[in-house]
Amino acid sequence: MHTTLRSATREVVIGPDRPFCVIGERINPTGRKVFAEQLRRGDLSRVEIDVAQQVAGGAMVLDVNMGAPLADEAELMSAAVRLIQSRTDLPLCLDSSIVGVLEAGLAAYQGKALVNSVTAEDERLEAILPLVARHGAAVIGLPNDEQEIPEDPRRRLELAGKIIDVATGRYGIPVEDVIIDPLAMPVGADTSVVLRTLETLDLLRERYGVNTTLGASNISFGMPDRTALTAAFLPMAAAAGLTSAIMDARSPELVRAVRACDLLLNRDEWGAAWIAAHRAGAAAATAGP
């Protein structure tokens with residue numbers, strides 16, 4: 001199953017037979033006090049830097065979150081979408097829990113965006129899915145509802161099924177445009193959570209065959225040497241069915257991990273992309289600063 005995202009001039013296809021889709025996470029003020037303050041002042045200059053760094057790192061899609069406290073998030077999202085699309089042709093993932101912010105971003109966007117995200121809560125489904133359908137976007141579904149963030153992978157599968165059924169049956173969204181997040185929780189709080197995420201991925205692949213994504217850095221939150229943990233997790237998850245991740249595209253270790261996985265899972269024919277990346281890196285090192 002293929003999920004196609006577009007900018008005005010570029011297309012990115014997510015699928016189990018395609019290269020792992022790196023969704024750059026950096027354009028987000030969470031944990032970034034200086035950036036949040038800049039956004040409150042309406043200053044988007046840091047966004048341009050984040051775009052350039054992530055494009056250089058190998059991002060294929062860029063996540064955009066303007067959720068700075070006390071800022072006009074809708075206006076910022078609209079302005080950020082226009083600015084980013086003037087700087088890169090990568091498709092965008094519009095990230096907010098506020099319907100009005102998503103609507104502002106989708107109205108400004110040229111192409112087919114990814115919306116991050118909708119849960120299985122009835123109220124959220126009724127608020128966000130019509131917007132997704134109206135703009136012809138794709139959407140990330142989180143399998144939690146009003147009662148719980150379930151630990152049992154079978155319950156996550158059930159709630160994912162609800163999202164898929166409502167999106168396709170009630171709102172006419174193609175099933176390939178529903179990407180499910182299997183829920184990545186911090187391993188520092190419970191060392192069994194990764195196994196549950198992997199089991200959820202396997203169940204989703206077997207039952208629905210939909211594309212999947214998650215916040216890769218969630219796994220290592222609160223632990224030392226986070227990059228090593230995330231770099232180990234991503235190939236495990238890809239082998240279990242993960243087809244994309246919202247991750248730090250500036251990190252060579254993480255990007256190399258998923259590109260190595262592409263090669264080892266036969267998604268990089270003859271290793272062409274792996275060899276080309278190695279040669280480019282060697283040439284850059286030889287050239288020096």
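The values are calculated or read from the model by the stated rules, or taken from the named source; none is laboratory data. The model shown is predicted, which means the values in this text are computed figures rather than measured ones. Neighbour counts are summed over all protein chains in view; Cβ atoms, including those assigned to glycine, are modelled from backbone coordinates with ideal geometry.
Structure above, values below:
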{"read-out": "Failed criterion for Ala74 (all others in (1) in contact with a helix residue (DSSP H, G or I) (Cβ under 7 Å, 6 or more places away or on another chain); (2) among the aliphatic types (A, V, I, L, M); (3) in a loop (DSSP other than H, G, I, E, B) hold)", "value": "(3)"}
{"read-out": "Arg279 of a type outside the set (Val, Ile, Thr) and in a loop (DSSP other than H, G, I, E, B)", "value": "no"}
{"read-out": "Near pairs, Cβ below 6 angstrom, 6+ apart or cross-chain, from region 51-69 (in contact (Cβ under 8 Å) with a residue 24 or more places away in the chain) to any residue that is in a helix (DSSP H, G or I) and surrounded by fewer than 18 Cβ atoms within 10 Å (Cβ to Cβ)", "value": "Val51/Arg87; Ala68/Arg40"}
{"read-out": "Some residue of region 224-246 being crowded, with 24+ Cβ neighbours inside 10 Å, more than 18 Å from the chain's Cα centre (by Cα) and not in a strand (DSSP E or B)", "value": "no"}
{"read-out": "Any chance Gly111 is surrounded by fewer than 21 Cβ atoms within 10 Å (Cβ to Cβ), at positive phi and not aromatic (Phe, Trp, Tyr)", "value": "yes"}
{"read-out": "Residue within region 1-12 that is farther than 19 Å from Tyr109 by Cα and modelled with pLDDT of 95 or more present", "value": "yes"}
{"read-out": "Extreme residue, surrounded by the most Cβ atoms within 10 Å (Cβ to Cβ), among residues of region 162-218 that are under 17 Å from the mean Cα position of the chain (by Cα), in a helix (DSSP H, G or I) and among the small types (Gly, Ala, Ser)", "value": "Ala216"}
{"read-out": "Region 89-104: number of residues that are surrounded by 19 or more Cβ atoms within 10 Å (Cβ to Cβ) and over 16 Å from the mean Cα position of the chain (by Cα)", "value": "3"}
{"read-out": "Of the criteria (1) farther than 24 Å from Leu234 by Cβ; (2) touching a residue at least 40 places away in the same chain (Cβ under 8 Å), which one Ile179 fails", "value": "(1)"}
{"read-out": "Any chance Ala276 is touching a residue at least 60 places away in the same chain (Cβ under 8 Å), within 19 Å of Val22 (Cβ to Cβ) and not hydroxyl-bearing (Ser, Thr, Tyr)", "value": "no"}
{"read-out": "Single match in Arg46, Arg82 (criterion: free of Cβ contacts under 8 Å to residues at least 40 places away in the same chain, assigned to a helix (DSSP H, G or I), of a type in the set (D, E, K, R) and in contact with a Phe, Trp or Tyr (Cβ under 7 Å, 6 or more places away or on another chain))", "value": "Arg46"}
{"read-out": "Among residues of region 148-161, those that are more than 20 Å from Val132 (Cβ to Cβ), part of a helix (DSSP H, G or I) and in contact (Cβ under 8 Å) with a residue 24 or more places away in the chain, counted", "value": "4"}
